[in-house]
Structures are given as structure tokens and as C-alpha cells.
Amino acid sequence: MTEINIPTVPGAESLEYRTEVKQLLDILAHSLYTDREIFLRELLSNASDALNRIQFELLTNHDVVDPDAELAIRIKADSEAKTITISDSGIGMNRDDLVQNLGTIAHSGAKTFLQNAGEGQSTLEEIIGQFGVGFYSVFMVAAEVSVTSRSYRLDDQAWTWSSTGDSKFTLTPAEREARGTTIEIKLKDDALEFANSWRLEQIIKKHSDYVSFPIYVKEKEGEEKIANRRTALWRQSPSSVKSEEYEEFYKQITFDSEAPLLTVHMVADAPVSVRALLFIPAKRERGMMRMQTEHGLRLYSRKILIQEHNKDLLPEYFRFIDGVVDSEDLPLNVSREMVQSNPVMRQMKRALTNRIFRDLKTMAEQDAEKYLRFWQELGAFLKEGVATDTGNHDSLIDLLRFQSTTTGADAWISLKQYKERMKDEQKAIYYVLGEDMKSVARSPHLDYFLANNIEVLYLVDPIDGYMTTMLREYDGKTLQNIDDAGLELPETDKKPDSESASVTQTDFDQLIERFKTVLADRVTGVRESKQLVNSPCRLVSPEDSFDRDLQRIRRLTEQNYELPKKLLELNRSHPLITNLTQMIAHSTEAPLVDAAISQLYDNALLLEGIHPNPADMVAQIQTLMETAIAAKVKE
Ligand code: ADP
Ligand code: MG
């Protein structure tokens, strides 16, 4: 940051914004964003944060400026002067805080905003609606803004920060006795609607009703009145809260524009006192964005915010859940670091986790359609849970849903349903791993199962291979990957019969040798298949490759990860294989044979979804086409 001192105003300095702030201001200034009223939500949320912080500080330290001031926010509208003034008695900012907080981008949502806006992925409306852009959103309505602040620390001076939203801001020493921050907004001519207390109250009701400190609003010479409801909704009895209130509260704490999928209001006094209001969002997008930014629950002790993003109250894989937790049993003077090791926290975590499982289970049982919406958006998190949380294994497994050779793309089943319709002689629960539904449905591994009408689960999410490492059994039945070379399957009449195959053992052995020569160290071996029906060949995993389910995810997460080699199995009754056998039986020359063998191997890799570079096949396919067409022309 370059500091340019302007000598004409004593003590005033002009500073440049960081580049990313300039970009953001530029986008905001040139946008025709319609929902400009959210600037107020952003400023009030900052004031409320500042009040929470001083409230927390006051628990242990009274040596601050104005220790007895009312914790409140005051708004004044002046239509003649075209201004709005917002003051709080919060923690305040000193000079360094002002430069750091209002000269760079602190707000994580705003960073995401810039990245997305830069890549042109989302519209401004969508992004602002979803994340807000923090303090700078004030420049959607302001021609000029000044922020005068006095920090709570006794030896800090007051300063005024001001800017017109171009590339610079100014800092000037200020006179201010009271602790806290005052923001004065000089409205743009097209934003005068906001210099009106009625309009401001309306916006507060909509976006900031649950701010827990009083927001006093007043017209220039008018009366002051509290505009927000301030209720700690989570401390009320669940039967007295309306569903619209839950929804509004959720939107106000998360800035999500959509209603939550599930609301969990928990009130318990034993074994610990817990008042909690938890929400599952309707969209994964939110959950994912939260992962990149900060997730966690707001932790209150007797209505005082102790920690904003607490991660110790739910297992990590429930990080898509938002909300508030309050307990009478947490000591008030607990430091943020101490929170984690407090035994009350462990008890609360168990109680909250159990409650979430219980409510998800109820949803699955009573509203299957809604549960599927949840599953499709957020099911991957539960799969992560299966892989990481053995303590809640059974609860998690009951919540899993799958698609299969029987359901196709239209329905989902639980492991319980799978087990209920297993065939009598069926020993295991079968699954196949793949890239996506379309390609996995063509997997040669399915030949035997389709022919014998045995259901196979499709696992096509990258995390599935990770999940199956910890999902070895369900209710007495093992789960088996059907690409297993050593899979033992019940005898049936639908198996290919080598006796009736039209090639002799000697000729077929010769073909196997030829495959081995051509593929060399690309495979661990070549052998006859006992299971293939409609497919010419398949790649199976050697029996000792215990981590094969992990291969897919390692391939995505580790650079230079080389897939372990597989074993190629040939279907002796398939026309392609019988014809190839005959070709080499007649002449070992046949150039077509080697290209065909290579291509069969490539096809198998493709069907497994593990071909390193499909474009490499083009030359080979062309050779095959040329040979085939040339043969036709000669006829
Ligand atoms: P965020 O609130 O996500 O951190 P903002 O852009 O809204 O991002 O605010 C940037 C920072 O400015 C805040 O983190 C806070 O440190 C500081 N700030 C803004 N408004 C106030 C205020 N009224 N009192 C004290 N600090 C404030
Ligand atoms: Mg903010």
C-alpha cells in the first residue's frame, strides 16, 4: 500500500485501496443491482459483531473505554441532508484496524465474490444474495462514506476514515469520547429512498430482525424506537415458534436466500443444558462454499456469543449444518481456547449429533421424497462420515442410499432394501465402481449379474471408493466389488461353457500367449473368464490389491499416481475372441490381430473409467479401420 501524505489538511493522509478492493468497488459502482437494501444488513451485521466482541471482552476486562455504555445500535435518517448515520457502542477500531479492515478485503465472502465475478460464472445478484460483500456494499448507495471510530482500548485515539468509493481513502485524527463506531453515509441521488426511517425499519425487519442488540431508529427530529425483535429464538419453546420465524432466522444468520431443508430445534436440560437451533441447507452449493470459507456453529453461553465458528460441536462431516448452540452449563468466563477441552462440550456434541441422526432418520422414514433431495445434495458428506467415524457407523449406514442395476437412474434404495430382495443363494452385497451411471452400466463386470438377475449397486461418486474401505459388511453380509479376480459366484447355467466353445484349447492358449506378448507389462496376466457373457474381455483387480477402491480417489488427489496393473480376462465364446483365435491359428502374421488386441485392452480401460488418455487411441482405431476397409475393397 502506498501512503501519499497530503500536507494541506493537518494530520490527514490519503491511502490507496488494495487492488482487489478497487476491483470490487468498480464492479459495485457499475452494477445495476436492484436489491441494494442489503447494504444495511451488512453494516448492521458488522455493528452486531463489534458489540458481540466487546460483550465478550467485558466478561473478563472492565478496563475499557465506556465499560457501562448500553450495547446498542442507533440509526438516524435525514432526508434533507441526504444522510444516514449508523452508530454502535461496539469494540471500535484504531487507526491500524481501519486501514487493515476497510482498506483490504477481510470478508471471505467478498473474495469468493471477486473470483466468481472474474470468471463470469454467476451474476452479481446471485453472488451478493448468497454471500453479501460486507462493508463495501455501502458504495451501492453512498456517494461518500465516513467512519469515525474509537477503540475500546484506553490508550487508542479516535480516527475518521472516509472515501468516495474511488481508488483512495483518507484517514484523519478525530475527536470522539464514546467507544464504538459511527458510519455516516451521504446517499447517492438515486438512493434517497433510504433516508427514511420507515423504509429503514422495513429493511431491518426483513434482514436484521434477530440481531440480538437493540437497533434504535429515528428520523431527524423524530422519536427513537426499537426496530428489531431481538429474540433469541433458540431459547423459546419449540411449540411457540412458527415455521416462518425459523426460516427468517436462518436467512438472517446465513444470508442464504433459500429456505433451509431441515430445521432442528433442540431444548434439553439433561445430561447437559442445550438450546440449539440447527439448519440443513437446501443446496449443496452452500455447503461447499462454507467448506472453502469458514464453517461452524455459533456458540453462546447464556445469550452471549462465545465463538462464531465453533467446529467442536458436530463431527467434521456435518460441516454443512449451520446454526446456534447455547448452554447454561458452559462457564461464562471460559476462554475460546478452553472451550474445546471442556467436558460439557463433549456431552453437547454427543447430544447434538444424536439428534441430527434421529431427525434425518425420521425424515427418511416419513418423507422419502424430501430425504432424497437431501441425499442428492449432501449425501457425499455422509459417505465421508462412513469412512471417518466408526463411532456412528450404524446410524450413518442406515442413511445411505444407492442406485443399482435394478433401480436404474430413477430410484434409490437403502442397504436394508437391497438385503431384503437378495436371492436366497446370494452370499454378498455386490457393487461396481465407476465414473458415472452411463459408463458403469456398460461395465463388463456386470455380465454375469445381469444374466442371472442379481442386483449390483452402482458407486459412481469419487468418494465412494473411500467409503467402501470402511463399509465391508452390512447386517451379516459382506460387500464385494465385482471387479475382484477371486470373486466366488454361485454356479448357474448362464455361465459361458468352455466345452461348447467353438475354439480348441490349443488355439485359445495360443491367443492368450499372443495377448501376453502384445500387452506385455501393461497387465499382470491374461486368462480365460468364467463370468463374461456379452463382453469380449474385462480387467479385474488382482486379489491382493486391497486398496483398489481407493485407486479412483487417489488418481484424482495425487499427482503422478500410477494405477496398479490389472489382470485381463477373455470371454472364450465371444465372436471377437473366437474370430481372433481362428485368425492366428491360420497365420501368425495377421497385423490386424495386434492392433485389435491393443484396442480391446484400451476399451476395457475406458469402461473401467481409468484410461489415462483416450485420445491416444485414435491412431490405432484408424489402423483398424484402414485394414478393415481395405479388406472389404479387395473382396
Ligand atoms: P466481515 O464482516 O465479513 O469481516 P466486512 O467487509 O463486513 O467483512 O467488514 C470488514 C471488517 O471491518 C470487519 O471484520 C471488522 O473487523 C471491521 N468492521 C466493520 N464494521 C465495524 C464496526 N461497526 N465496528 C468494528 N469493526 C468493524
Ligand atoms: Mg461484515
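The values are calculated or read from the model by the stated rules, or taken from the named source; none is laboratory data. Please read all numbers here as calculations on a predicted model, not as lab measurements. All Cβ positions, even for glycine, are placed from backbone atoms using ideal geometry, and neighbour counts span all protein chains on display. These accessible areas exclude ligands, DNA and RNA; they are computed on the full protein's heavy atoms, side chains included. Shrake-Rupley method; radii C 1.70, N 1.55, O 1.52, S 1.80 Å.
Helix 548-557 axis versus longest C-alpha principal axis of the chain: approximately 50°, rounded to the nearest ten.
The K242 and R442 beta-carbon pair, evaluated with R₀ = 51 Å, returns a calculated FRET efficiency of approximately 0.50.
The residues packed around L154, meaning those with a beta-carbon under 13 Å from its beta-carbon, carry a net charge of -3 if Lys and Arg are +1 and Asp and Glu are -1.
Say a site is exposed when it is one of the chymotrypsin sites (Phe, Trp or Tyr not before Pro), sits in a DSSP loop, and has at most 15 other Cβ atoms within 10 Å; what is then the longest site-free stretch of the chain? Mind showing how you got there, number by number?
Working: sites that count: F546, Y561.
Here the longest run is 1-545.
In sequence order, segment 416-432 has phi-based couplings of 4, 4, 4, 5, 4, 9, 5, 6, 4, 7, 6, 8, 10, 8, 9, 9, 10 Hz under the Karplus curve 6.51 cos²θ - 1.76 cosθ + 1.60, θ = phi - 60°, and Gly or Pro positions carry x. Shown is the FRET efficiency for A143 and E219, computed with R0 = 30 Å from the Cβ-Cβ distance and rounded to the nearest 0.05: 0.90. Rolling a 1.4 Å probe across the protein heavy atoms gives the chain an accessible surface of 47 Å² per residue.
A simple spin-label model places pseudo-atoms 7 Å from Cα toward Cβ; at N196 and A81 they are separated by 2.0 nm.
Among the lysines of segment 412-548, pairs that are 8 or more positions apart or on different chains and have alpha carbons within less than 12 Å of each other number 6. Here the gap between Q115 and D26, fully extended at 0.36 nm per residue and compared with their Cα-Cα distance, gives a gain of 30.6 nm. Each principal axis of the Cα cloud of the chain was taken in turn, and the coordinate range along them, longest first, works out to 104, 60, 39 Å. For segment 135-192 and segment 560-635, what is the separation of their C-alpha centers, rounded to whole Å? Answer, in whole Å: 72. Here the gap between T172 and E562, fully extended at 0.36 nm per residue and compared with their Cα-Cα distance, gives a gain of 134.3 nm. What does the helix-only formula give at 222 nm for the chain: each DSSP H stretch with n ≥ 4 adding -39500 (n - 2.57), the total divided by the residues, and the result rounded to the nearest 500 deg cm²/dmol? Value at 222 nm, helices only: -11500 deg cm²/dmol.
Listed values for segment 559-575 are Karplus-derived 3J(HN,Hα) couplings in whole Hz (6.51 cos²θ - 1.76 cosθ + 1.60, θ = phi - 60°), namely 5, 6, 6, 9, 5, x, 6, 10, 9, 9, 10, 10, 8, 5, 9, 6, x, and x replaces Gly and Pro. Each residue, Q505 and K530, gets one label point 7 Å from its Cα in the Cβ direction; the gap between the two is 1.6 nm. Evaluated at q = 0.20 Å⁻¹, the base-10 log of the normalised Debye intensity for segment 498-634, with identical point scatterers placed on the Cα atoms, takes the values -1.27. Kindly list the residues of segment 359-395 that lie in the label zone of E473, defined by a backbone N under 14 Å from the point 7 Å along the Cα-to-C-beta vector. Under cut-off, by backbone N: 394. Taking amide hydrogens as placed 1.01 Å from N in the peptide plane, the amide H of E37 sits under 5 Å from that of no residue at least 5 positions away in sequence or on another chain.
Kindly state, to the nearest 0.05, the FRET efficiency for D359 paired with D547, given R0 = 51 Å and r defined as their beta-carbon distance.
Working: r = 35 Å, r/R0 = 0.69.
After rounding to 0.05, the efficiency reads 0.90.
Compared with the dominant Cα axis of the chain, that is its longest principal axis, helix 618-634 is turned about 40°. Mind checking the angle between helix 108-118 and the chain's longest principal axis? C-alpha axes, 0 to 90 degrees, to the nearest 10. The answer is roughly 60 degrees.
What separates the Cα centres of segment 340-397 and segment 440-476 is a distance of 24 Å.
Please compute the contact order of segment 498-634 in relative form: average sequence separation of alpha-carbon pairs under 8 Å and at least six residues apart, divided by the residue count, as a percent.
On the way: 134 pairs, mean separation 40.6, N = 137.
In percent, rounded to a whole number, it is 30.
When the GluC sites (Glu not before Pro) in segment 177-224 are filtered for DSSP coil states and for at most 11 other beta-carbon atoms within 10 Å of their beta-carbon, the remaining sites are E177, E221, E223.
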